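Asker: My questions will all concern the structure given below.
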Amino acid sequence: MGTSAEESARNMALLFFMDHLMQKNGRRTIHDLSCQFGARGFTEEMRNAVGATQEGLTEFLQSQPSLFTVEGDQVILNGHGDITAKNNPLLQNGSRQRDYEMEAVQFFVNKLTKFGPELQIKSLLGHRSQAAPEVRLVSGRHLKDFCEFLQMQVDYFVVEGDRVRLKNMPEPNEDAIELDDEGKPLAGVKAKQAAVEYLKSVLEQNDDQPIPLDAFYQHFCGRFSHSVRQDVATNPKELLQFLKLNRGLFFIRSNKVSLVKNRPSEDGSENGSDEGEPEPNNNLFPLDQTALPRIHYVKALKPAQDLIQSLWSDIESMDRKVVGADLKTVTVGIDGEQFLSLAIIATTSQIGVFDLASSDVMLLESGIKQLFESNAVEKIMHDARRVSSLLAHKYAVMLRNVFDTQVAHAVLQHDKFGKPLHDTRPISFVNLQRVYYPQSILMSDVTPRKLSMSPNWGLRPINDDFLLTAVEEAHTLVCALYQQLSNLIPVHLRGLFEDKCIEALLASPNRPPPQNFNNGSPYRSSTRRGDRVPYVAPTPYQAVPASQFPRKMVDASCQTFSTGDIQVLNVYYESAPTQANASHETS
């Protein structure tokens with residue numbers, strides 16, 4: 001029996017090779033494992049414990065038949081895929097002198113203290129690669145295992161959704177700001193405004209000298225409680241993003257924060273975009289609880305028709321007829337087929353939300369189709385290509401007269417940097433806001449957590465918070481980003497921009513658009529008649545005797561939206577080369 005130090009070195013070497021094999025699908029060559037002798041974390045004591053040569057390593061691994069199988073020059077980890085921290089024989093050895101679990105806890109506490117005190121769980125998991133092998137093993141191999149590990153350590157961590165924070169994180173002093181000017185708990189837009197004023201005062205009291213970001217965040221934590229910080233920034237990285245939204249006030253360089261005086265123009269600035277300060281826009285109202293009376297949510301045809309009429313009244317009163325438009329989709333099935341879930345249409349005074357999952361016929365019969373296809377109304381959309389083919393192929397709706405902010409950004413990047421348009425990287429809507437109109441984020445109740453999440457637009461029922469999240473894109477497009485981007489596009493690039501917007505609306509060449517049978521919809525006919533529908537309803541299909549053309553079996557799909565769930569059924573149609581099918585049969 002070796003000394004305690006030798007035994008510890010052997011166990012550390014075993015853990016190292018087990019961890020390496022787990023990451024390499026449980027099988028590697030002796031040569032590959034011996035190359036790890038020079039890896040970071042593989043100490044001289046560990047090399048001596050395993051023999052320091054390929055022959056010595058082979059004998060060492062063969063001495064552990066319960067863990068490894070050696071076949072020629074191949075080493076196989078026994079039970080690969082089933083080994084966890086709970087059943088690892090080395091970690092569960094009752095005679096070991098080290099508490100690997102506590103070492104792992106301390107490692108992640110230190111990381112949260114340095115980069116937190118709150119992070120996304122996947123971000124904290126990213127730091128795991130810097131840990132010792134025993135820490136990586138005991139904390140779980142995958143995200144699910146890591147979440148379970150954190151949830152078990154209730155004395156150290158608090159797990160909320162996809163985030164984790166220190167249980168004993170520093171809280172503010174007695175000067176903490178908890179209430180707004182009305183005596184209500186500080187939250188949302190008012191929390192962001194209070195944070196800006198306080199952070200500005202900190203820099204002013206420091207004689208406008210730059211403050212390191214980490215120290216600046218500690219000032220912030222010393223004034224606001226965690227409940228308030230959740231609306232602004234829960235870690236230094238999020239505070240950096242928040243400061244960049246206020247680039248007219250704060251200047252960031254080399255991870256230090258100062259107040260903007262005469263803004264530097266040298267390259268390398270971290271002060272956000274240099275697209276110019278956005279022009280004030282009185283149409284952009286805050287998206288908080290006070291905005292709910294302007295948002296109209298409908299999920300039946302008749303209310304949808306009334307809402308479209310109200311939107312048209314707004315449009316007719318405009319000098320320049322524009323609306324913000326956004327379509328939320330859900331993806332189902334192993335093939336990733338997309339369906340429309342919500343349609344949002346916004347003017348500068350009201351917003352309509354149409355629940356197409358409850359009644360997809362609204363798209364065709366409420367007046368949305370006519371609005372989307374109207375050349376008289378300009379639709380402001382972000383990344384119209386994403387939904388144009390879907391509208392054409394599934395609903396025979398052809399978008400016209402679209403101002404695409406994705407295209408506008410690409411044209412501006414082309415003008416500024418000389419990049420070919422096809423080499424320009426797409427920009428997400430959140431980043432578009434950050435670059436061209438950050439005030440829209442400051443004027444909404446959106447939190448850092450919401451900014452990092454991708455909502456599931458198929459969820460029902462829809463509550464007020466979900467509704468505010470859904471309408472933000474259409475509202476910001478028509479009330480702020482449209483004017484800002486339109487003013488930035490140079491006159492000599494207007495023609496290019498318009499051509500690219502039209503190109504984005506073209507149906508995908510590998511999927512032809514649906515045929516417009518009898519000048520009507522290629523989909524199911526309506527049972528509603530003219531006196532109940534203020535718009536011209538699609539012409540019902542004419543029944544065609546099956547004897548007039550040979551039968552042909554084709555695959556199709558059907559969607560069910562009544563419960564919010566989508567079910568794909570096999571449907572068989574009697575089809576003809578030029579005639580619409582008269583009947584169908586569900587199998």
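Asker: Kindly indicate whether F17 is at pLDDT 75 or above and within 18 Å of G140 (Cα to Cα).
Answerer: yes
Asker: Pairs under 7 Å by beta carbon, first residue free of Cβ contacts under 8 Å to residues at least 40 places away in the same chain in the range 106-126, partner in a helix (DSSP H, G or I), six or more apart or different chains?
Answerer: If the second residue must be in a helix (DSSP H, G or I), the pairs left are F107/V135; K111/L124; K111/H127; L125/L143; L125/F146.
Asker: Here is a follow-up. Conditions: (1) closer than 30 Å to T290 by Cα; (2) in a helix (DSSP H, G or I); (3) aliphatic (A, V, I, L, M). V411 meets all but one. Number of the miss?
Answerer: Failing condition for V411: (1).
Asker: Same structure, new question: Restricting the search to the range 121-149, which residues are outside any helix (DSSP H, G or I) and either open to solvent by less than 30 Å² (accessible area, probe 1.4 Å) or touching a Gly at 6+ places or on another chain (Cβ under 9 Å) (or both)?
Answerer: Answer for the range 121-149, where residues must be outside any helix (DSSP H, G or I) and either open to solvent by less than 30 Å² (accessible area, probe 1.4 Å) or touching a Gly at 6+ places or on another chain (Cβ under 9 Å) (or both): A131, A132, S139, G140.
Asker: Among the numbered conditions (1) open to solvent by less than 40 Å² (accessible area, probe 1.4 Å); (2) at pLDDT below 80, tell me where E171 comes up short.
Answerer: (1)
Residue by residue, here is whether (1) surrounded by fewer than 18 Cβ atoms within 10 Å (Cβ to Cβ); (2) among the polar types (S, T, N, Q); (3) touching a residue at least 60 places away in the same chain (Cβ under 8 Å) holds:
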residue: S428; (1), (2), (3): yes, yes, no
residue: L432; (1), (2), (3): no, no, no
residue: Y437; (1), (2), (3): no, no, yes
residue: P448; (1), (2), (3): no, no, yes
residue: N463; (1), (2), (3): yes, yes, no
residue: T469; (1), (2), (3): no, yes, no
residue: E473; (1), (2), (3): no, no, yes
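Asker: Look at D415 and say whether it is open to solvent by 20 Å² or more (accessible area, probe 1.4 Å), within 21 Å of the chain's Cα centre (by Cα) and among the acidic types (D, E).
Answerer: Answer is no for this residue.
Asker: Which residues, counting only those in the range 205-217, are open to solvent by 70 Å² or more (accessible area, probe 1.4 Å) and modelled with pLDDT under 85?
Answerer: D207, Q209
Asker: Can you list the helices (runs of 4 or more DSSP H) lying wholly within the range 461-552 that have 3 or more residues being acidic (D, E), under 34 Å from the mean Cα position of the chain (by Cα) and modelled with pLDDT of 50 or more?
Answerer: Counting at least 3 such residues, we get 464-476, 494-505.
Asker: Please name all residue pairs, on different chains or six or more residues apart, with Cβ atoms under 8 Å, provided the first residue is in the range 389-417 and is without any contact (Cβ under 8 Å) to a residue 24 or more places away in the chain and the second residue is in a helix (DSSP H, G or I).
Answerer: Between residues of the range 389-417 that are without any contact (Cβ under 8 Å) to a residue 24 or more places away in the chain and residues that are in a helix (DSSP H, G or I), there is no close pair.
Asker: Of a type in the set (D, E, K, R), touching a His at 6+ places or on another chain (Cβ under 8 Å), under 29 Å from Q439 (Cβ atoms) and not in a helix (DSSP H, G or I) - does that describe any residue in the range 309-326?
Answerer: yes
Asker: Further question: Kindly establish whether T329 is touching a residue at least 24 places away in the same chain (Cβ under 8 Å), hydroxyl-bearing (S, T, Y), open to solvent by less than 20 Å² (accessible area, probe 1.4 Å) and in contact with a strand residue (DSSP E or B) (Cβ under 7 Å, 6 or more places away or on another chain).
Answerer: no
Asker: A follow-up question, please. Could you say whether any residue in the range 249-257 is at pLDDT below 95, touching a Pro at 6+ places or on another chain (Cβ under 9 Å) and surrounded by fewer than 13 Cβ atoms within 10 Å (Cβ to Cβ)?
Answerer: Yes; the residues of the range 249-257 include at least one that is at pLDDT below 95, touching a Pro at 6+ places or on another chain (Cβ under 9 Å) and surrounded by fewer than 13 Cβ atoms within 10 Å (Cβ to Cβ).
Asker: Working only within the range 219-253, note down all residues that are free of Cβ contacts under 8 Å to residues at least 40 places away in the same chain and either hydroxyl-bearing (S, T, Y) or farther than 25 Å from D288 by Cα (or both).
Answerer: H219, F251, I252
Asker: Still on this structure, I have one more. Here are some conditions: (1) loosely packed, with under 15 Cβ neighbours inside 10 Å; (2) in contact (Cβ under 8 Å) with a residue 40 or more places away in the chain; (3) hydroxyl-bearing (S, T, Y). S317 meets all but one. Which one does it not meet?
Answerer: (2)
The values are calculated or read from the model by the stated rules, or taken from the named source; none is laboratory data. Computed from a prediction, not measured in an experiment: that's the story for all the values here. Positions of Cβ are generated from backbone atoms using ideal geometry, with glycine treated the same way; all protein chains shown enter the neighbour counts. Remember, those area values only see protein heavy atoms, side chains included, never the ligands or the DNA or RNA. Shrake-Rupley method; radii C 1.70, N 1.55, O 1.52, S 1.80 Å.
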